[in-house]
Amino acid sequence: MQDTPLPEKTGVLVVGAGQAGIAMSAHLGAAGIPHLVLERARIAERWRSERWDSLVANGPAWHDRFPGMEFSCPPEAFPGKEEVADYMAAFAGKIGAPVRCGVEVTSLTRLKDRPGFRAETSAGVVEADYVVAATGPFQRPVIPQIVPESAGIVQMHSTGYRNPDQLPEGAVLVVGAGSSGSQIADELNRAGRKVYLSVGPHERPPRAYRGRDFVWWLGVLNKWDMEAVPGADHVTIAVSGAYGGRTMDFRRLAGEGIVLTGRTESFRGGVLQFAPDLAGNIARGDAYYLALLDEADAFAARNGLTLPEEPAARVIGPDPDCVAHPLRELDLKAANVTSIIWATGFAFDFGWLKIDSFDERGAPLHQRGAAREPGVYFLGLPWQTRRGSSFIWGVWYDAKYVADHIEKQRNYLHYTPASEGNA
Ligand SMILES: Cc1cc2nc3c(=O)[nH]c(=O)nc-3n(C[C@H](O)[C@H](O)[C@H](O)COP(=O)(O)OP(=O)(O)OC[C@H]3O[C@@H](n4cnc5c(N)ncnc54)[C@H](O)[C@@H]3O)c2cc1C
């Protein structure tokens with residue numbers, strides 16, 4: 001299919017062949033709805049080329065997968081990033097997903113005077129009755145404009161980080177302590193670098209508790225299915241499958257040599273300023289952790305689950321010195337900080353999607369994925385319908401909803417009253 005021209009028309013055009021695009025294809029295929037998936041690079045490209053070398057999945061293989069196909073590694077293992085990408089490619093092959101790689105959709109507009117859409121792509125024009133934008137929850141890396149290029153520091157986003165050898169000699173500041181920032185800081189510290197980690201608000205579940213991984217606890221406690229609270233700030237989750245999977249404990253990281261700081265706020269004359277929020281952020285992370293243990297214990301008691309008790313999990317060590325007496329400033333030159341890794345999140349980039357369904361910040365306006373422009377859908381957005389929406393196992397169910405929605409819409413469109421000549 002690779003070298004053949006694109007069809008002039010398809011039923012549903014799915015843009016992007018990450019996990020969302022593949023899940024979408026699986027459900028459309030099962031419903032017998034003709035479709036085409038266009039991917040500008042390779043299947044699951046972001047897992048291959050936008051993540052660091054040692055990254056493993058944050059959830060175990062039994063959980064972070066689609067129904068109907070298992071990983072080849074043991075179920076309790078955390079697959080590496082290439083294994084995740086290979087899994088997606090294999091899944092696409094298994095379901096016979098009509099994916100065209102190396103084709104970028106550059107513009108998508110509504111057709112005039114008839115239903116449907118026109119996609120301009122790097123390989124020509126395709127028309128489609130429906131469109132699903134499955135271009136990722138994390139599209140454009142965001143680096144806050146704090147440290148100017150003239151500071152002479154190597155700066156990169158976490159999507160650009162590969163491994164410790166990539167960085168110049170010297171200390172490293174990692175900004176952001178979600179899953180990416182905390183894992184990268186941990187890796188650099190283990191590689192013998194002096195590391196400063198700027199910690200903002202976060203949630204940090206235990207990796208496992210009473211013999212069950214946290215993904216299981218969040219599942220049984222209905223937390224993956226939690227809907228977004230309107231207006232609530234997104235709080236990053238600090239979790240890791242690295243080194244066999246360990247709880248992300250900032251006190252432990254400090255004990256191992258990482259200097260924790262508050263949020264990175266500003267830069268003047270070679271000196272960085274940090275917010276006075278470190279102790280509060282650590283305390284709120286601990287409170288989240290302990291509340292989850294409470295909920296887990298209550299669930300186990302209510303359901304008569306005989307899971308092994310784990311009182312040691314409740315022991316929170318004393319605040320390390322860097323939390324008790326936090327740095328408010330860091331002179332980068334004096335501290336020999338030669339690089340900064342910004343693990344500071346992402347923004348949307350829907351410039352190609354020329355429809356009226358975005359707010360003033362460029363965020364999609366939609367209901368459970370259905371855009372304000374009928375016929376267009378989003379898939380894989382963070383909190384699209386619930387917490388699990390942007391994760392491998394969660395997008396599967398949103399894709400099913402979108403496929404059902406498209407099927408209903410097709411039925412409406414194909415309906416003709418008997419009075420017009422068709423039964
Ligand atoms: C560091 C990191 C670790 C993560 N770990 C896990 C984990 O362990 N478990 C888990 O469940 N989730 C994890 N996630 C979250 C989520 O699973 C991933 O972000 C995943 O890549 C999202 O899949 P997606 O298909 O929605 O989007 P993406 O993977 O971003 O796929 C979108 C695809 O669209 C393509 N594309 C974009 N624009 C166009 C265009 N105009 N035309 C054609 N193609 C286009 C891109 O090339 C890309 O391949 C992680 C995320 C990050 C950042």
Reported set for region 134-154 where residues are outside any strand (DSSP E or B), β-branched (Val, Ile, Thr) and more than 10 Å from the ligand (Cβ to nearest atom) is VAL142, ILE143, ILE146, VAL147, ILE153
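State whether the residues of region 234-251 include one that is more than 22 Å from LYS81 (Cβ to Cβ) and under 16 Å from the mean Cα position of the chain (by Cα). It would help to see each step written out before you state the result.
Taking region 234-251 as the starting set, the residues that turn out to be more than 22 Å from LYS81 (Cβ to Cβ) are 234-235, 249-251.
Within this subset, residues satisfying the condition of being under 16 Å from the mean Cα position of the chain (by Cα) are 234-235.
Yes, some residue in region 234-251 is more than 22 Å from LYS81 (Cβ to Cβ) and under 16 Å from the mean Cα position of the chain (by Cα).
Within region 165-200, track down each residue that is part of a helix (DSSP H, G or I) and under 20 Å from GLY244 (Cα atoms). Write out each step before concluding.
Residues of region 165-200 that are part of a helix (DSSP H, G or I), as a first pass: 165-166, 179-190.
Across region 165-200, the qualifying residues are SER179, SER180, GLY181, SER182, GLN183, ILE184, ALA185, ASP186, GLU187, LEU188, ASN189, ARG190.
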How many residues of region 167-190 are surrounded by 24 or more Cβ atoms within 10 Å (Cβ to Cβ), within 17 Å of ARG251 (Cβ to Cβ) and away from the ligand (no atom under 15 Å from the Cβ)? The answer is 0
Expected single match for over 30 Å from the mean Cα position of the chain (by Cα) and assigned to a helix (DSSP H, G or I) among ALA301, ALA334 is ALA301
_Within region 34-45, does at least one residue satisfy the condition of being within 23 Å of THR109 (Cα to Cα), more than 6 Å from the ligand (Cβ to nearest atom) and among the aliphatic types (A, V, I, L, M)?_
yes
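Identify all residues within region 39-50 that are out of contact with any Ser or Thr (no Cβ under 6 Å at 6 or more places or on another chain) and of a type outside the set (Phe, Trp, Tyr); write none if there are none. Lay out the reasoning, then the answer.
Of all residues in region 39-50, those out of contact with any Ser or Thr (no Cβ under 6 Å at 6 or more places or on another chain) come to 39-49.
Within region 39-50, GLU39, ARG40, ALA41, ARG42, ILE43, ALA44, GLU45, ARG46, ARG48, SER49 qualify.
Being under 29 Å from GLU149 (Cα atoms), outside any strand (DSSP E or B) and not aliphatic (A, V, I, L, M) is the filter here, so list the residues in region 337-366 that pass it.
First pass over region 337-366, keeping only residues under 29 Å from GLU149 (Cα atoms): 337-351, 360-363.
Add one more test, that the residue is outside any strand (DSSP E or B), and what stays is 343-345, 348-351, 360-363.
Answer for region 337-366, where residues must be under 29 Å from GLU149 (Cα atoms), outside any strand (DSSP E or B) and not aliphatic (A, V, I, L, M): THR344, GLY345, PHE348, ASP349, PHE350, GLY351, GLU360, ARG361, GLY362.
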The correct count of residues that are under 23 Å from ALA254 (Cβ atoms) and within 11 Å of the ligand (Cβ to nearest atom) in region 155-166 is 2
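Among the residues of region 373-398, count how many are farther than 14 Å from TYR130 by Cα and either assigned to a loop (DSSP other than H, G, I, E, B) or not acidic (Asp, Glu) (or both). Step through it out loud before you land on a result.
Going residue by residue through region 373-398, those that are farther than 14 Å from TYR130 by Cα are 380-398.
Those left that are additionally either assigned to a loop (DSSP other than H, G, I, E, B) or not acidic (Asp, Glu) (or both): 380-397.
So the count comes out to 18.
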Out of (1) within 30 Å of LEU167 (Cα to Cα); (2) buried (at least 23 other Cβ atoms within 10 Å of the Cβ), the one GLN19 does not meet is (1)
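With respect to PHE71, determine if the residue is more than 9 Å from the ligand (Cβ to nearest atom), in a loop (DSSP other than H, G, I, E, B) and over 26 Å from ARG162 (Cα atoms). Give the steps one after another, and end with the answer.
Numbers: more than 9 Å from the ligand (Cβ to nearest atom): yes; in a loop (DSSP other than H, G, I, E, B): yes; over 26 Å from ARG162 (Cα atoms): no.
No: the conditions fail for PHE71.
Residue check: is ALA228 touching a helix residue (DSSP H, G or I) at 6+ places or on another chain (Cβ under 9 Å) and assigned to a helix (DSSP H, G or I)?
Values: touching a helix residue (DSSP H, G or I) at 6+ places or on another chain (Cβ under 9 Å): yes; assigned to a helix (DSSP H, G or I): no.
Against the criterion (touching a helix residue (DSSP H, G or I) at 6+ places or on another chain (Cβ under 9 Å) and assigned to a helix (DSSP H, G or I)), ALA228 does not qualify.
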Taking first residues from region 398-423 that are on the phi > 0 side of the Ramachandran plot and surrounded by 10 or more Cβ atoms within 10 Å (Cβ to Cβ) and second residues anywhere that are among the charged types (D, E, K, R) and not in a helix (DSSP H, G or I), the pairs with Cβ under 6 Å that are 6 or more apart or on different chains are none
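Go through region 206-262 and report how many residues are of a type in the set (Ser, Thr, Tyr) and more than 23 Å from ASP53 (Cα to Cα). Explain how you work it out, then say what you get.
Restricting attention to region 206-262, the residues satisfying the condition of being of a type in the set (Ser, Thr, Tyr) are 209, 236, 240, 243, 247, 261.
Those left that are additionally more than 23 Å from ASP53 (Cα to Cα): 209, 261.
So the count comes out to 2.
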In region 46-68, residues that are more than 7 Å from the ligand (Cβ to nearest atom), closer than 22 Å to VAL15 by Cα and either of a type in the set (A, V, I, L, M, F, W, C) or crowded, with 20+ Cβ neighbours inside 10 Å (or both) total 2
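Counting only residues that are farther than 20 Å from TYR377 by Cα, part of a helix (DSSP H, G or I) and of a type outside the set (Asp, Glu), how many does region 399-423 have? Spell out the reasoning first.
Applying the first criterion (farther than 20 Å from TYR377 by Cα) to region 399-423 yields 415-423.
Now drop any that are not part of a helix (DSSP H, G or I), which leaves 418-420.
Restricting the remaining residues to those that are of a type outside the set (Asp, Glu) gives 418-419.
Counting residues in region 399-423 that are farther than 20 Å from TYR377 by Cα, part of a helix (DSSP H, G or I) and of a type outside the set (Asp, Glu) gives 2.
Here, each number is a calculation from the coordinates, and none is a lab measurement. It should be emphasised that the depicted structure is a prediction, and the values quoted were computed from it without experimental measurement. No Cβ is skipped: glycine too gets one built from the backbone with ideal geometry, and neighbour counts run over all protein chains shown.
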